[in-house]
1. Could you list, in sequence order, the residues of the range 39-97 that are outside the structural domain of GLY148 (by the TED database) and small (Gly, Ala, Ser)?
2. Going through PHE89, PHE66, PHE140 one at a time, which residue ends up being open to solvent by 100 Å² or more (accessible area, probe 1.4 Å), closer than 29 Å to ASP41 by Cβ and in contact (Cβ under 8 Å) with a residue 12 or more places away in the chain?
3. Is the range 117-124 home to any residue that is of a type in the set (Asp, Glu) and either touching a residue at least 40 places away in the same chain (Cβ under 8 Å) or open to solvent by less than 40 Å² (accessible area, probe 1.4 Å) (or both)?
4. When you look at THR110, is it loosely packed, with under 12 Cβ neighbours inside 10 Å, not acidic (Asp, Glu) and not assigned by the TED database to the domain that holds ALA26, yes or no?
5. Go through the residues of the range 54-64 one by one and say whether even a single one is within 23 Å of TRP142 (Cβ to Cβ) and among the aliphatic types (A, V, I, L, M).
6. Determine the pairs where a residue that is over 19 Å from ASN33 (Cα atoms), located within the range 147-165, has a partner that is open to solvent by 100 Å² or more (accessible area, probe 1.4 Å) and in a loop (DSSP other than H, G, I, E, B) with Cβ atoms under 6 Å apart, the partner being 6 or more residues away or on another chain.
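The values are calculated or read from the model by the stated rules, or taken from the named source; none is laboratory data. Treat the numbers as computed from the prediction; the structure is a model and nothing was measured. Cβ placement follows ideal geometry from the backbone for every residue including glycine, while neighbour counts extend to all protein chains displayed. All accessible areas refer to the heavy atoms of the entire protein, side chains included, with ligands and DNA or RNA removed. Shrake-Rupley method; radii C 1.70, N 1.55, O 1.52, S 1.80 Å.
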Amino acid sequence: MPLKSLLITLLFFFFSEMVCAQKFIAVDNYGRNRRKIYAGDQIVFKMKGTEAVYHDEVHAVLDSSFILSKSMTQIPIKEIEVIKFHRPFPKLIAGGTALIGAGFLLSGATSRDSENHYAKDVALLQSGAFFLISAATIPFWWKRYRIGKNAQVQVLDVTIQKTTN
């Protein structure tokens, strides 16, 4: 048992420098709603002068740039035009209304008899309405921060430094 605790203590001291030194990308919108992107987090962004939207993982955060994991390219912070963040609640609403629409569609498709034409058609119309409500939430799936207009991006270093007294 003492050997195990000694090993854990040595591992703590070995990795303590990496735990203390940490940089992250801070995205501020008028100084409130700060979003933080650490190394290992997903990032979705658009660069200046391009229409392509990049989906990748941050491999490392440097002083004024970051490195992407897939292509190992260095992206300067100054070249970012838009950063997008995932919003889970609109996707949850879209999934719920699509599930309800699928239930109405299944109900309208399985209750086919010659006596009840009106109920079948109403169920199919209701399912179409729920699918349209689900599709209407698609523009709200991502929160966009347009850099320079209303938001700013910076790399912050929260390194804990020892003071000598």
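1. ALA94, GLY95, GLY96
2. Numbers: PHE89 fails: in contact (Cβ under 8 Å) with a residue 12 or more places away in the chain; PHE66 fails: open to solvent by 100 Å² or more (accessible area, probe 1.4 Å).
Selected residue: PHE140, the only one of PHE89, PHE66, PHE140 that is open to solvent by 100 Å² or more (accessible area, probe 1.4 Å), closer than 29 Å to ASP41 by Cβ and in contact (Cβ under 8 Å) with a residue 12 or more places away in the chain.
3. Our first condition is that a residue be of a type in the set (Asp, Glu); within the range 117-124, this holds for 121.
Next, from what is left, pick out any that are either touching a residue at least 40 places away in the same chain (Cβ under 8 Å) or open to solvent by less than 40 Å² (accessible area, probe 1.4 Å) (or both): none.
Checked the range 117-124: no residue is of a type in the set (Asp, Glu) and either touching a residue at least 40 places away in the same chain (Cβ under 8 Å) or open to solvent by less than 40 Å² (accessible area, probe 1.4 Å) (or both).
4. yes
5. Yes, there is a match, as at least one residue in the range 54-64 is within 23 Å of TRP142 (Cβ to Cβ) and among the aliphatic types (A, V, I, L, M).
6. No pair meets every condition.
Each row is one residue, and each column tells you yes or no for (1) more than 23 Å from GLY49 (Cβ to Cβ); (2) within 20 Å of the chain's Cα centre (by Cα).
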site: LYS70; (1), (2): no, yes
site: LYS91; (1), (2): yes, yes
site: SER107; (1), (2): yes, no
site: ALA119; (1), (2): yes, no
site: ALA135; (1), (2): yes, yes
site: LYS149; (1), (2): no, no
